[in-house]
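*Asks:* Please see the structure below; I have some questions.
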Amino acid sequence: MKKHLKILEFALSSLLRRKYKNLSIVLVFSMVTFVIASILFLTHSFKKEALSVLEGAPQLIVQRLIAGRHALIPVSYIDEIKKMPGVGKVSPRYWGYYYDQLTGANYTIIGLDRAWSVNGRVMEGTALAPEDIGYCNIGFGVSDRRFLQVGDDLFLQDTKGGLYHFKVKGIFNMKSQLLTNDLVLITKKDFINLFQFPPSMATDLVVEVYNPSEVTNIAKKIKERLPDTRPITHDEILRTYNSLFNWRSGLMLTMFAGAVLAFVILAWDKATGLSAEERQEIGILKAIGWETSDVLALKFWEGASLSIISYLTGIIAAYFHVFFFGASIFAPALKGWSVLFPDFRLVPDIDIYQCFVLFMVTVLPYTVATIVPSWKAAVTDPDSVMRG
Amino acid sequence: MEPLIRVEGVSKCFNRGRPNEIWPVREVSLEIYPNEVVVLKGPSGSGKTTLLGLIGCMSRPTAGKILVKGMDVAKLPERFLTEIRRKTFGFIFQQFNLIKGITVKENIMLPLYPTPLGFKEISQTVNTLMKTLSLEHRADFRVEILSGGEQQRVAIARALVNNPDILMADEPTAHLDSKLSKDLLEILNTLKSKGKTIVIATHDPLVFESNIVDRVYEVRDGSIRASS
Amino acid sequence: MILHPGILALELGSALLILMLLYSAGLSIKILRHWDINSSSELQLNLERKTYLTSTIINYLLGYQIVSAILFIYTVDGLHTEFVGAMCATGTLNANPIGWYVLYLKILNIFIASIWIGINVLDQRSRYYPLTRLKSAGVLIMLPVFVLDGYLQTRYFLGLDPAVITSCCGALFSSQGSGLASTLSGMPIRLSQLFFLLATVFMFITGLLSLKGRRGLFKYLYGISGPVFFLVSISAIISFVSLYFYELPTHHCPFDILQADYHWIGYPLYITLFLSAVMAMLTGIYEALKSRIDEQSIVQGLQRKLIVTGLIAECIFIAICLWPILFSSFTLKGYYL
């Protein structure tokens, strides 16, 4: 152990003595780590955000399809579904999209018909209650675009061109911004008036199921009894989200495989192209009593230090890039939502798993590329320095 | 008296079986006794450096036996050869072969890095050694800014740091003027009085005619000619 | 399916490890064919140098294989959301039956690589490379096992079909049901505890006896106790130790303890278990190889170190297992006892 400490010390001083050569490796190595780490962190936190919202989402949603398109669902379906054994409460949901010409952005508008909880989300002001007619809660993005504070008025145009105004009662911020960013929450009455929503219709239905393991069965039954509906289970959404995000980051990783390859070639080249001076140094070490395995240990520590420095630099840079600068470089490719978000900040979240993945795709290729060249250097003849 | 090193019919070949096959050392036999100063005398290209390397366990002979303290090292695996070299021999090379960019002290410490000794012990050993060779004022200087004589002393200190029985020197005066050469002989004489065995490969008359030398082997075309 | 980042990393890792192993297998064949310790030819010198390359490669291989095994469990665990019915790693492993074999192979590979390295240490301490041929043969044995691991892993990930409805650890490691896992967790706890106790005591006593005595028999017995202790302990973890960590009478999962929720207690648990098993096995293997080594004191010195490390690891492992059993308020009384 003591021996390795000494060899490590010498390895570090060797690296410093060849600053420029090693700096280029560190730079490229960190870049590769940075890019891949950004992709992983970004997808991971998107997924986390999406899932954290879904956590509170209902187990089963029933939509109606007309000609394969999502259509409004008659409220009368509620009774039909309620009759099924194992089904608890069935409630309608009112929501839709609103295109705001003023800012050129799309808002998600939800009509509220019952009390809800802030659900851990940080909010400025207070939450909207079902009886708060003329009031609204808005997402941070909306407030930012329209320069609204709590107590200001939000103007929305109805279907006939008239203006409605809603007093801002609360603004969502920080956590889960990605999903509340474009949100406008108003009461159900206001919603129906604003959009001239047909009575006895709802956007979709939320079905409560007593036994969670029965959800799939009940979804099947609803589909049988009401063939024009599309039941969506919570798990299904989760799965879709998961595979979507995994697929996306996997795809991006594959795209960057070229970068990894280029880096590996660079590492190989740098490791193989020992300068005469380095070759002589290893010869001297061998001649003064270092054994092949000691030189191999030296090479190991050199490689390990380089890897750790670059790996950490890459990860830390990616962390700042993703969580403090909104992943400005890659977000568009991964986000997939409309790009209206003026600014959003992801909740910092990294797990060891990602670090392991990163390790496998960056440090391992580097090791493999340098293993044979290091050995070649280590078996230099000790008497090579005498032969001059 | 039992010789410290006995070389029996040793040959060394490079590039065997290829058109550029050469035999720098052929059928050499010699003996080195404890506390002797032995000179391998010969012009450059005579094979004395290769022979010095063979005796000092730097490389393995193609044929023959080399007994160091009674043990045949000719066929030992490299790692044991290294171990014996580290415990028994200290080398002073013709080109000094110091590592540039690190300090005098670090250079002298290097041979002890792969040993189980701790930093503190190594540091102490090196400090006393630097004092005896009057290098302590240069301890934290980079070796490349030192004068030739000082570099030579650093090389000697590095050769002595593992406290070897035998000091091997390859053309130690090649890069020194006559004054520095005399200083070097003075140092070697002190070492001899401390009980070290010294083997020098040289063609410098100043060295092989010096009165500290006990035995001279003349090397010609890879063979020992006559001894005096 | 295959475009999951974890899967990509694992596949890349396997490919690179196999590549390195292929290379060193090539070296090993050369060594087996031309090795002649009495020759001082340049060929022999080159071969001796190549043995360094082989041991470097295998050292790295072990390190990365450990990372790969952890990554595999994590990936499989992270994938569980994509399968109906899966709630943790177990569910995903069940989604394609090959999964379990991949896991077993990965663990086996770690064992093989560690033993190879242990033999290498012995070889490097002794003169004249007495075990070089054995080591080269070892590399040639390792290659197909690693290739099989890579192949099955690919088959496993390719064959994962999210439409499959799988069962989770709740179903697999539950007392009802068939199969090895259920048998293990369904085993009467008293019986399982008895086996665990016996294996622990057997290992400890043979270890102590081989430390004190000079008889080879005890060292062989200690060697045998290694794999036995490993298997019995794994079944003990599934059968009752895990229950205390989860404080749930029905949760038998051997993977969840690797999660942050349980303070990563699984890592020290499995590491010490693994160490105690490998050290014991190596002690026995050294005993068998003893006759080939010229200096017996080297073997004995190394064996001493192995046994001491192994016994310390065993004690820590047992301490970790007993800690929640003795100090948590959770009790199995009323559930099973």
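The values are calculated or read from the model by the stated rules, or taken from the named source; none is laboratory data. Note that the structure is predicted; figures quoted are calculated from it, not measured. When we count neighbours, we look across all protein chains shown, and the Cβ atoms used for this are built from the backbone with ideal geometry, even at glycine. Only protein heavy atoms, including side chains, enter the accessible area calculation; ligands, DNA and RNA are left aside. Shrake-Rupley method; radii C 1.70, N 1.55, O 1.52, S 1.80 Å.
*Asks:* Having 3 or more residues that are farther than 18 Å from B:ARG26 by Cα is the bar; report the strands (runs of 3 or more DSSP E) wholly within region B:179-228 that clear it.
*Replies:* Values: elements: B:197-202, B:215-220, B:223-227.
Where strands (runs of 3 or more DSSP E) fall fully within region B:179-228 and carry at least 3 residues being farther than 18 Å from B:ARG26 by Cα, they are B:197-202.
*Asks:* I've got another one for you. Any chance you could count how many residues in region A:1-41 are more than 14 Å from chain B (Cβ to nearest Cβ) and within 23 Å of A:ILE265 (Cα to Cα)?
*Replies:* 17
*Asks:* Something else about it: So which residues in region A:265-280 are within 10 Å of another protein chain (Cβ to nearest Cβ) and buried (at least 16 other Cβ atoms within 10 Å of the Cβ), if there are any at all?
*Replies:* Scanning region A:265-280 gives a single hit, A:GLN280.
*Asks:* Just to be sure, is C:VAL278 among the aliphatic types (A, V, I, L, M), closer than 24 Å to C:LYS106 by Cα and either in the same structural domain as C:ILE189 (by TED's automatic domain parsing) or touching a residue at least 60 places away in the same chain (Cβ under 8 Å) (or both)?
*Replies:* For C:VAL278, the condition - among the aliphatic types (A, V, I, L, M), closer than 24 Å to C:LYS106 by Cα and either in the same structural domain as C:ILE189 (by TED's automatic domain parsing) or touching a residue at least 60 places away in the same chain (Cβ under 8 Å) (or both) - is met.
*Asks:* Taking only region C:118-136 into account, find how many residues are in contact with a Leu (Cβ under 9 Å, 6 or more places away or on another chain) and open to solvent by less than 20 Å² (accessible area, probe 1.4 Å).
*Replies:* Selection size over region C:118-136: 7.
*Asks:* Which one is nearest to A:PRO199 (Cα to Cα) among residues in region A:69-86 that are at pLDDT below 85 and in a strand (DSSP E or B)?
*Replies:* Once the filter is applied, the top-ranked residue is A:HIS70.
*Asks:* Looking at region A:242-255, which of its residues are crowded, with 17+ Cβ neighbours inside 10 Å and more than 7 Å from chain C (Cβ to nearest Cβ)?
*Replies:* Of everything in region A:242-255, those that are crowded, with 17+ Cβ neighbours inside 10 Å and more than 7 Å from chain C (Cβ to nearest Cβ) turn out to be A:PHE245, A:ARG248, A:MET252.
*Asks:* Mind checking which residues of region B:113-144 are open to solvent by 10 Å² or more (accessible area, probe 1.4 Å) and hydrophobic (A, V, I, L, M, F, W, C)?
*Replies:* B:LEU117, B:PHE119, B:LEU129, B:LEU133, B:ALA139, B:PHE141
*Asks:* Determine which member of the set A:PHE330, A:PHE344, A:PHE325 is at pLDDT 70 or above, closer than 29 Å to A:TYR98 by Cα and under 15 Å from the mean Cα position of the chain (by Cα).
*Replies:* Just one listed residue meets the conditions, A:PHE325.
*Asks:* Scanning for something more than 14 Å from chain A (Cβ to nearest Cβ), closer than 30 Å to A:ASP294 by Cβ, within 19 Å of the chain's Cα centre (by Cα) and buried (at least 18 other Cβ atoms within 10 Å of the Cβ), does region C:88-109 turn up at least one residue?
*Replies:* Taking every residue of region C:88-109 in turn, at least one turns out to be more than 14 Å from chain A (Cβ to nearest Cβ), closer than 30 Å to A:ASP294 by Cβ, within 19 Å of the chain's Cα centre (by Cα) and buried (at least 18 other Cβ atoms within 10 Å of the Cβ).
*Asks:* Is it the case that region C:186-197 has a residue that's surrounded by 12 or more Cβ atoms within 10 Å (Cβ to Cβ), at pLDDT below 75 and in a helix (DSSP H, G or I)?
*Replies:* Among the residues of region C:186-197, at least one is surrounded by 12 or more Cβ atoms within 10 Å (Cβ to Cβ), at pLDDT below 75 and in a helix (DSSP H, G or I), which makes the answer yes.
*Asks:* In addition: Note down all Cβ pairs under 8 Å where the first residue falls in region A:137-159 and is within 16 Å of A:GLY96 (Cβ to Cβ), the second is open to solvent by 70 Å² or more (accessible area, probe 1.4 Å) and assigned to a loop (DSSP other than H, G, I, E, B), and they're at least six residues apart or on different chains.
*Replies:* A:GLN157/A:GLN101; A:ASP158/A:GLN196; A:THR159/A:GLN196
*Asks:* Residues that are open to solvent by 60 Å² or more (accessible area, probe 1.4 Å) and more than 8 Å from every other protein chain (Cβ to nearest Cβ): find the strands (runs of 3 or more DSSP E) completely inside region B:1-101 holding 1 or more of those. Give the derivation first.
*Replies:* Working: elements: B:5-14, B:22-32, B:37-41, B:63-68, B:89-92.
Filter on region B:1-101 gives B:5-14, B:22-32, B:63-68.
*Asks:* Tally time: how many residues in region C:217-239 are out of contact with any Ser or Thr (no Cβ under 6 Å at 6 or more places or on another chain) and open to solvent by 20 Å² or more (accessible area, probe 1.4 Å)?
*Replies:* Looking only at that region, the number is 9.
*Asks:* While we're on this one: For A:ILE237, work out the one condition from (1) within 14 Å of another protein chain (Cβ to nearest Cβ); (2) free of Cβ contacts under 8 Å to residues at least 40 places away in the same chain; (3) open to solvent by less than 70 Å² (accessible area, probe 1.4 Å) it doesn't fulfil.
*Replies:* For A:ILE237, the exception is condition (2).
*Asks:* Oh, and also: I'd like to check something: does region C:29-52 contain any residue that is open to solvent by less than 10 Å² (accessible area, probe 1.4 Å), modelled with pLDDT of 80 or more, within 17 Å of C:ALA113 (Cβ to Cβ) and more than 7 Å from chain A (Cβ to nearest Cβ)?
*Replies:* No: region C:29-52 contains no residue that is open to solvent by less than 10 Å² (accessible area, probe 1.4 Å), modelled with pLDDT of 80 or more, within 17 Å of C:ALA113 (Cβ to Cβ) and more than 7 Å from chain A (Cβ to nearest Cβ).
*Asks:* If you go through region A:347-362 one residue at a time, how many are more than 9 Å from chain C (Cβ to nearest Cβ) and open to solvent by less than 20 Å² (accessible area, probe 1.4 Å)?
*Replies:* 1
*Asks:* Just checking, how many residues over region C:240-267 are open to solvent by 50 Å² or more (accessible area, probe 1.4 Å), outside any helix (DSSP H, G or I) and among the aliphatic types (A, V, I, L, M)?
*Replies:* Residues flagged as open to solvent by 50 Å² or more (accessible area, probe 1.4 Å), outside any helix (DSSP H, G or I) and among the aliphatic types (A, V, I, L, M) within region C:240-267 amount to 1.
*Asks:* Does C:GLN124 count as out of contact with any Ser or Thr (no Cβ under 8 Å at 6 or more places or on another chain) and either within 30 Å of A:ASN242 (Cβ to Cβ) or among the polar types (S, T, N, Q) (or both)?
*Replies:* No; evaluated as a whole, the condition is false for this residue.
*Asks:* Looking at C:ALA313, is it at pLDDT 90 or above, closer than 22 Å to C:PHE202 by Cβ and open to solvent by 30 Å² or more (accessible area, probe 1.4 Å)?
*Replies:* Spelling it out, it is not the case that C:ALA313 is at pLDDT 90 or above, closer than 22 Å to C:PHE202 by Cβ and open to solvent by 30 Å² or more (accessible area, probe 1.4 Å).
*Asks:* Residues in region A:281-288: is at least one open to solvent by less than 60 Å² (accessible area, probe 1.4 Å) and within 14 Å of chain C (Cβ to nearest Cβ)? Steps first, answer last, please.
*Replies:* So the first thing to find is which residues in region A:281-288 are open to solvent by less than 60 Å² (accessible area, probe 1.4 Å), and the list is A:281-288.
From the residues that got through so far, the ones that are within 14 Å of chain C (Cβ to nearest Cβ) too are A:282, A:286.
Yes, that holds for at least one residue.
*Asks:* Would you check if C:GLY284 is touching a Gly at 6+ places or on another chain (Cβ under 6 Å) and over 24 Å from C:VAL76 (Cβ atoms)?
*Replies:* Yes: the conditions hold for C:GLY284.
*Asks:* Mind listing whichever residues of region C:13-26 are open to solvent by less than 30 Å² (accessible area, probe 1.4 Å) and either touching a residue at least 60 places away in the same chain (Cβ under 8 Å) or of a type in the set (Lys, Arg) (or both)?
*Replies:* C:SER14, C:LEU17, C:LEU21, C:SER24, C:ALA25
*Asks:* Could I ask something else about it? Which condition from (1) free of Cβ contacts under 8 Å to residues at least 60 places away in the same chain; (2) out of contact with any Ser or Thr (no Cβ under 7 Å at 6 or more places or on another chain); (3) more than 26 Å from B:LYS192 (Cα to Cα); (4) more than 7 Å from chain A (Cβ to nearest Cβ) is the one that B:PRO114 breaks?
*Replies:* The failed condition is (4).
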